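One structure below.
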Amino acid sequence: MLTVFYPLAVVRWIHFTSMFVLFGSSFFWFYMGAERFSAGPGGLPRALRATTILLRVAAPLAAISGIAWLAFILINSTDDIGSVVDPEDLRLYFFETPFGTVSMVRITLLVAAVAIAFLPWTNRSWFSALLHISAVLLISQAWLGHAAEGGTGLYGDIMVTVYSIHVIAAAAWVGGLPPLLFALVEQRLFGPHEAREWSLDILSRYSLMAMVAVTLIVVSGIANAGFRVAGSFDKLFDTSYGDALFTKIAFVAVMLILASFNRFVAMPRLRAASLKGMGQITRLRYSVALELVLGLAVLGVAAILGITPPPQ
């Protein structure tokens, strides 16, 4: 296990990041409104194009890292790196282990995501397809990690449901930051009045979604932690799992502080700014970029947390 821990953590980090982008960046364009897809007034053609490129990068990265993740699971279970090309080991893995069925479903969906990502046209249906495929992929991760340890029955179903809510909400929040940043950058091409009004509209829509997402993240996160320690939160202290969890919480807390500042301080300042005082938009861009960096750090810690044994 120790020989593959760090490579596995990196692979999981890349996979989480790619999946969050696929889901959150696709979802962004639906709560922004249909007019944002147009090239006319109210449209964001450059941000839309940048998001499309990002999704076409994220899809193959998700596929490669997702398959690598499954390969690490196989190597860990056999203690033999050669098992990834051994027909009998592959047969046993896919047809005789609890991971087999979900692995086959995930591989199929990852291939489908890559195929769709590189279709020559992009429209609402294209974004919708990537959104739904990535949602299933995110939820299916539950059967590859700690959430699957709840076993069968109602308790296990609740653990998987809570995990699913947590990861979908987190992907909507963090994965929506890149297109939000693209949209704010595009405002530089508009006149002062349009830039301010459209920036406020875009930020308000994202902020409303993020507040719902953060509420779900906090509630489901507490529940997830409770499941891992069977309700005895004191087990988290002086353990590797607890250290990773508290590090993740610290990064999330900083993100929440920054997001709250943007919502309750920066946006009102932008609303009150004169048409010539558009430095507020520039400062908001930097703030969103910093929030995105912190989100990537959270995903890195989450990648480690998922392969760290919970305290018994």
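The values are calculated or read from the model by the stated rules, or taken from the named source; none is laboratory data. Quantities reported herein were computed from a predicted structural model and do not represent experimental measurements. As a convention, Cβ positions derive from the backbone with ideal geometry for all residues, glycine included, and neighbour counts pool all protein chains shown.
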**OP:** Would you mind stating whether residue 56 is more than 18 Å from the chain's Cα centre (by Cα) and part of a helix (DSSP H, G or I)?
**Re:** no
**OP:** Would you check which residues across region 197-256 are at pLDDT 90 or above, closer than 30 Å to residue 272 by Cα, surrounded by 15 or more Cβ atoms within 10 Å (Cβ to Cβ) and hydroxyl-bearing (Ser, Thr, Tyr) and list them?
**Re:** 206, 207
**OP:** Please indicate, with yes or no, whether at least one residue in region 65-79 is exposed (fewer than 15 other Cβ atoms within 10 Å of the Cβ) and not polar (S, T, N, Q).
**Re:** yes
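Could you say which residue among 78, 52 is touching a residue at least 40 places away in the same chain (Cβ under 8 Å) and β-branched (Val, Ile, Thr)?
Values: 78 fails: touching a residue at least 40 places away in the same chain (Cβ under 8 Å).
Of the residues listed, the single one that is touching a residue at least 40 places away in the same chain (Cβ under 8 Å) and β-branched (Val, Ile, Thr) is 52.
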**OP:** Check 56, 106 and return the single one that is basic (Lys, Arg), surrounded by 18 or more Cβ atoms within 10 Å (Cβ to Cβ) and more than 30 Å from residue 197 (Cβ to Cβ).
**Re:** 106
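Condition check ((1) at pLDDT 95 or above; (2) within 22 Å of residue 307 (Cβ to Cβ); (3) of a type outside the set (Asp, Glu); (4) under 13 Å from the mean Cα position of the chain (by Cα)) across all residues:
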site	(1), (2), (3), (4)
131	yes, no, yes, yes
134	yes, yes, yes, yes
141	no, yes, yes, yes
152	no, no, yes, no
155	no, no, yes, no
162	no, yes, yes, no
170	yes, yes, yes, yes
173	yes, no, yes, yes
